[in-house]
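First the structure, in the form of structure tokens, and then the observations on it.
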Amino acid sequence: MTLRRATEVLEAGTWSAAGTVATVTLAFDDRHRRRVRLVDDSGEAFLLDLDDATRMGDGDGLRLDTGGIVHVRAADEDVLDIRCADPRDTVRMAWHIGNRHLPTQILDDGGLRIRADHVIAQMLVRLGAEVEAKTAAFDPEPGAYDEGAGAGHGHGHGHSHDH
């Protein structure tokens, strides 16, 4: 039997759920790939075979060469939800997180989510944030140099990393 191949990433909101033939649940680090054997949530293997390494977000689709789409879901991970008393403090926290180049998800309520890190959690609490450790899906913002689904991860942002 020939392995199904996923050869294209379809950005969330650009494809119809009616075409879904499977789902695959992946952690953040597993959603930036070019070529790898994956197993969908029902246990069936398929090959992710893209031209370039691509960041896949929660809700993206993978078009199969056999027809149909595999729905990408963000796996639950250990994360920190960060909330502040006012928007100005939230922006301050975002600055400190960004200064450390940490992938960050902006929550619907204006809070921030990062992967669990006890050192960063202590820093944010000292700066006045409310930090809640939990297990939840992690789907951070693409970087400023990412171009959404289908884009590789760029890191040429014009400064050194000597902070």
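Here residue 18 meets each of (1) without any contact (Cβ under 8 Å) to a residue 40 or more places away in the chain; (2) more than 30 Å from residue 128 (Cβ to Cβ); (3) surrounded by 12 or more Cβ atoms within 10 Å (Cβ to Cβ) with one exception, condition (3). Screening residue 76 against (1) under 18 Å from residue 142 (Cα atoms); (2) in contact (Cβ under 8 Å) with a residue 60 or more places away in the chain; (3) of a type in the set (D, E, K, R) leaves a single unmet condition, (1).
Being surrounded by fewer than 16 Cβ atoms within 10 Å (Cβ to Cβ) and either of a type outside the set (Ser, Thr, Tyr) or over 20 Å from residue 29 (Cα atoms) (or both) is the filter here; which residues of the stretch 118-135 pass it? Those that are surrounded by fewer than 16 Cβ atoms within 10 Å (Cβ to Cβ) and either of a type outside the set (Ser, Thr, Tyr) or over 20 Å from residue 29 (Cα atoms) (or both): 118, 119, 122, 125, 126, 127, 128, 130, 132, 133, 134. Among the residues of the stretch 80-92, are any of a type in the set (Asp, Glu), free of Cβ contacts under 8 Å to residues at least 12 places away in the same chain and part of a loop (DSSP other than H, G, I, E, B)? Checking the stretch 80-92: at least one residue is of a type in the set (Asp, Glu), free of Cβ contacts under 8 Å to residues at least 12 places away in the same chain and part of a loop (DSSP other than H, G, I, E, B). Within the stretch 57-101, if we keep just the residues that are among the β-branched types (Val, Ile, Thr) and under 30 Å from residue 47 (Cα atoms), the residue that is surrounded by the fewest Cβ atoms within 10 Å (Cβ to Cβ) turns out to be 66.
When the stretch 32-56 is filtered for residues that are in a strand (DSSP E or B) and either crowded, with 19+ Cβ neighbours inside 10 Å or among the hydrophobic types (A, V, I, L, M, F, W, C) (or both), the ones remaining, listed by number, are 36, 38, 39, 45, 46, 47, 48, 50, 53, 54, 55. Kindly evaluate residue 29 against the criterion of being in a helix (DSSP H, G or I) and surrounded by fewer than 19 Cβ atoms within 10 Å (Cβ to Cβ). The answer is yes for residue 29. Hey, any hits in the stretch 119-142 for a residue that's aliphatic (A, V, I, L, M), in a loop (DSSP other than H, G, I, E, B) and within 30 Å of residue 39 (Cβ to Cβ)? No, the stretch 119-142 has no match at all. Residue-level analysis places residue 68 outside the set of residues that are among the small types (Gly, Ala, Ser), within 25 Å of residue 114 (Cα to Cα) and not assigned by TED's automatic domain parsing to the domain that holds residue 124.
The values are calculated or read from the model by the stated rules, or taken from the named source; none is laboratory data. All values reported here derive from a predicted model rather than from experimental measurement. Positions of Cβ are backbone-derived with ideal geometry, glycine not excepted, and every protein chain shown enters the neighbour counts.
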